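To start, the structure itself, in structure tokens.
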Amino acid sequence: MKGVAFVAELAVDKIEDLGRLEAIKARYYWQNKNYDHTVLVCSGAGCVSSGCVEVREALLAELEKAGIADRTKVKLTGCIGTCAVGPVVVVEPGFMGVQHPKDATSPDGIFYCGLKPEDTKAIVREHLLGGKHHQQPSDGGLGDAIDREMAHGRQNRQQDARRREPARGE
């Protein structure tokens, strides 16, 4: 319920200037900075009808079993736009694409599609714990094309994050 209270707090916070907005952003980042990964679970209509709720529940259970539930942020999203290949899960580094220096070689920004609840064990063990992209059965190249798109987006987010970082010594 912490997330709900925080959202409610944001809803009543009056943003009077850029400084206030930056303070809210900094507080939100501080509250989420210790996540090793963010796992986005599509909860659009196509993914719901394909079983994303069951995939999410299995993912949460596997994270608990692996002892990393407190270091992995799992977020439901709206439609990602790939309904034909749902349920869809995207694994991002750190919190919303801000990668931890210790995870610089982690294969993140990975798009997993056509998931079943039993696939979550391998994703947790191989990807989140092992640092290797879990290889799904062949999907006719669709997954490779989507992975390239996600990697391009990740590069853009990382470049944006580097531009926002203050120079050393400031």
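Listing for the model above:
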{"read-out": "Filter pass, R27 being closer than 21 Å to E126 by Cα and basic (K, R)", "value": "no"}
{"read-out": "Pairs where the first residue, in the range 57-68, is in contact (Cβ under 8 Å) with a residue 60 or more places away in the chain and of a type in the set (A, V, I, L, M, F, W, C) and the second is open to solvent by 50 Å² or more (accessible area, probe 1.4 Å) and in a helix (DSSP H, G or I), C-beta under 8 Å, 6+ apart", "value": "A58/K121; A66/R125; A66/L129; I68/L129"}
{"read-out": "Count - residues of the range 58-75 that are open to solvent by 50 Å² or more (accessible area, probe 1.4 Å) and under 20 Å from Y29 (Cβ atoms)", "value": "3"}
{"read-out": "Residue match in the range 74-84 (condition: polar (S, T, N, Q), more than 17 Å from G109 (Cα to Cα) and not in a loop (DSSP other than H, G, I, E, B))", "value": "no"}
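Residue by residue, here is whether (1) among the basic types (K, R); (2) at pLDDT 85 or above holds:
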position	(1), (2)
K75	yes, yes
C113	no, yes
G140	no, no
R163	yes, no
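The values are calculated or read from the model by the stated rules, or taken from the named source; none is laboratory data. The structure presented is a predicted model; accordingly, all values stated were derived computationally and were not measured. Glycine gets a Cβ as well: all are built from the backbone with ideal geometry, and neighbour counts include every protein chain shown. Accessible surface areas use protein heavy atoms only, side chains included; no ligands, DNA or RNA. Shrake-Rupley method; radii C 1.70, N 1.55, O 1.52, S 1.80 Å.
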